[in-house]
Amino acid sequence: MDPNHTISASATSGSDFGGSVFDHVVQAPEDPILGVTVAYNKDPSPVKLNLGVGAYRTEEGKPLVLNVVRRAEQLLVNDRSRVKEYLPIVGLAEFNKLSAKLMFGADSPAIQVKRVTTVQCLSGTGSLRVGAEFLARHHHQRTIYIPQPTWGNHGKIFTLAGLSVKTYRYYDPATRGLNFQGLLEDLSLAPSGAIVLLHACAHNPTGVDPTLQQWEQIRQLIRLKGLLPFFDSAYQGFASGSLDADAQSVRMFVADGGECLAAQSYAKNMGLYGERVGALSIVCKTADVASRVESQVKLVIRPMFSNPPIHGASIVAIILKNRDMYNEWTVELKAMADRIISMRQQLFDALRARGTPGDWNHILKQIGMFTFTGLNTAQVAFMTKEYHVYMTSDGRISMAGLSSKTVPHLADAIHAAVTRAI
Ligand code: PGU
């Protein structure tokens, strides 16, 4: 065989191979949230401030690895019996059990009677996607209602999973609070069986949560109409500093004996962002249904990512099962939540001190990682251009990215945007 023959078919040898089969592919826009960090990274300004992505920073502006996480990792490294075998399709059994307890309560009757199935997934996003794919295959009503507004990825996740996405009214820009009447009206018009996406706490991006009384009314309506609640719990412990208080909405819906789904993320509350640790729970009517549901969820996961990663889930399991470490975690978590709350006060005071026009009480009232400032797209663009303050174009700022040192700069930028810009 002439070796030159085979060589002549190589890409370097002929002009026939000049064009790319991907020539028609157009440049996609950056992600509305993660793209903010891309733009921030390109900015050489020494005063630049990234308040885009919801990721906790210390007072020094540095990412934080919790002390208790470092301790758990140390234990993992020192334990020679730990191996790197594949996990089962549903992930680490111990992690799943402990995650269900964290979400539904240590003495949850639903867990005791085994009507909950919990599977380890790739953080909150992966849990939402697996839940959505399961629903698209097995739920009789393939419409999901998501709040208006909501985390930007929700619509994409559910659409790509094969669900049809509709919105319900949630936020009232006039009051900067909950549009409770609109919410009730829209959900009461939803077809029976429709899925309803609910933020368990610390609604992203608005920072506006229903009160417990309002949750109770939402629950009654959802049960009356036979809707299926799907909770996104990405901030348990971050809203109030208490893991139990932040799970109350979900627990109400489990206590009534009905069915629901819950996607949990350990990105924020344990600072395990890049480890991609999360869980999907499906609460069913009976143990028998839960077991059949789990068998089908496995068929969703296997061709998607086969089985989840072991390291992050092992960290979480160590912390959740050891009383000492669990307590240490709650203290560190509370400290993060408290620092965010103190940033709210500092920003509010700084705007007051500057006499910035407008009512800024919502900075204090809103809950969780974000303040939905009410600044418009043009004002945000102005702040980025003139002050190097990076945030999402809907006016959301991550309070967790702020520190005592950077509050004055942000307040100057907001003041200028409100008084001088558009
Ligand atoms: N659900 C909500 C409500 C969220 O805010 C986020 C993260 C997730 C789920 C997904 O988090 P996982 O990391 O997959 O567990 N939102 C942040 C982080 C950046 C992003 O958009 O992924 C944010 O800044 O909105």
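The values are calculated or read from the model by the stated rules, or taken from the named source; none is laboratory data. Predicted model, so just to flag it, every value in this text is computed and none were measured. Every residue, glycine among them, receives a Cβ derived from its backbone with ideal geometry; neighbour counts consider all protein chains shown.
Miscellaneous remarks
- Subset of region 150-165 (residues that are within 11 Å of the ligand (Cβ to nearest atom) and either hydroxyl-bearing (Ser, Thr, Tyr) or in contact with a strand residue (DSSP E or B) (Cβ under 8 Å, 6 or more places away or on another chain) (or both)): THR150, TRP151, HIS154
- Search result, residues across region 265-310 that are away from the ligand (no atom under 16 Å from the Cβ) and of a type in the set (D, E, K, R): LYS285, ASP288, ARG292, GLU294, LYS298, ARG302
- Of note, THR377 does not satisfy the criterion of being within 16 Å of the ligand (Cβ to nearest atom) and closer than 20 Å to ALA39 by Cα.
- Residue that is farthest from LEU261 (Cα to Cα), among those in region 155-170 that are assigned to a loop (DSSP other than H, G, I, E, B) and either out of contact with any Leu (no Cβ under 7 Å at 6 or more places or on another chain) or modelled with pLDDT under 95 (or both): GLY162
- Within the span defined as region 247-258, every residue fails to be within 13 Å of the ligand (Cβ to nearest atom), touching a Phe, Trp or Tyr at 6+ places or on another chain (Cβ under 6 Å) and of a type outside the set (A, V, I, L, M).
- Of the criteria (1) within 18 Å of the chain's Cα centre (by Cα); (2) more than 13 Å from the ligand (Cβ to nearest atom); (3) of a type in the set (Phe, Trp, Tyr), which one TYR168 fails: (1)
- The residue that is farthest from PHE231 (Cα to Cα), among those in region 180-204 that are of a type in the set (A, V, I, L, M), in contact with a strand residue (DSSP E or B) (Cβ under 7 Å, 6 or more places away or on another chain) and within 16 Å of the ligand (Cβ to nearest atom), is ILE195.
- Test: residue in region 123-138 that is within 29 Å of SER306 (Cβ to Cβ), out of contact with any Lys or Arg (no Cβ under 9 Å at 6 or more places or on another chain) and surrounded by fewer than 18 Cβ atoms within 10 Å (Cβ to Cβ): yes
- Selection from region 336-360 of residues that are closer than 18 Å to ALA239 by Cβ and among the acidic types (Asp, Glu): ASP338
- Every test in (1) at positive phi; (2) crowded, with 24+ Cβ neighbours inside 10 Å; (3) modelled with pLDDT of 95 or more is passed by GLY368 save one, and that test is (3).
- Only listed residue being of a type outside the set (S, T, N, Q), closer than 25 Å to LEU299 by Cβ and more than 21 Å from the chain's Cα centre (by Cα), chosen from ARG71, ARG82, ARG115, ARG129: ARG115
- Looking only at residues in region 229-246 that are touching a helix residue (DSSP H, G or I) at 6+ places or on another chain (Cβ under 8 Å) and more than 15 Å from ILE367 (Cα to Cα), the one that is nearest to the ligand (Cβ to nearest atom) is ASP232.
- Pair list, Cβ < 9 Å and 6+ apart or interchain, from region 140-158 residues that are in the same structural domain as LEU197 (by TED's automatic domain parsing) and farther than 16 Å from SER393 by Cα to residues that are within 12 Å of the ligand (Cβ to nearest atom) and polar (S, T, N, Q): PRO147/THR206; ILE157/THR125
Quick grid of which residues meet (1) under 24 Å from TRP329 (Cα atoms); (2) β-branched (Val, Ile, Thr):
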position	(1), (2)
SER99	yes, no
PRO109	no, no
THR117	no, yes
LEU122	yes, no
ARG129	no, no
GLU133	no, no
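- Candidates VAL119, VAL77, filtered to the one that is in the same structural domain as LYS285 (by TED's automatic domain parsing) and among the aliphatic types (A, V, I, L, M): VAL119
- Annotation note: Cβ proximity below 9 Å between a residue of region 34-49 that is under 16 Å from MET383 (Cβ atoms) and a residue that is of a type in the set (D, E, K, R) and within 14 Å of the ligand (Cβ to nearest atom) (sequence gap 6+ or interchain) occurs for VAL36/GLU30; ALA39/GLU30.
- Residues that are within 15 Å of the ligand (Cβ to nearest atom), more than 16 Å from VAL283 (Cβ to Cβ) and crowded, with 16+ Cβ neighbours inside 10 Å do occur in region 98-120, at least one of them.
- PRO29 meets all of the listed conditions (1) closer than 20 Å to SER398 by Cβ; (2) touching a helix residue (DSSP H, G or I) at 6+ places or on another chain (Cβ under 9 Å); (3) not acidic (Asp, Glu) but one, namely (1).
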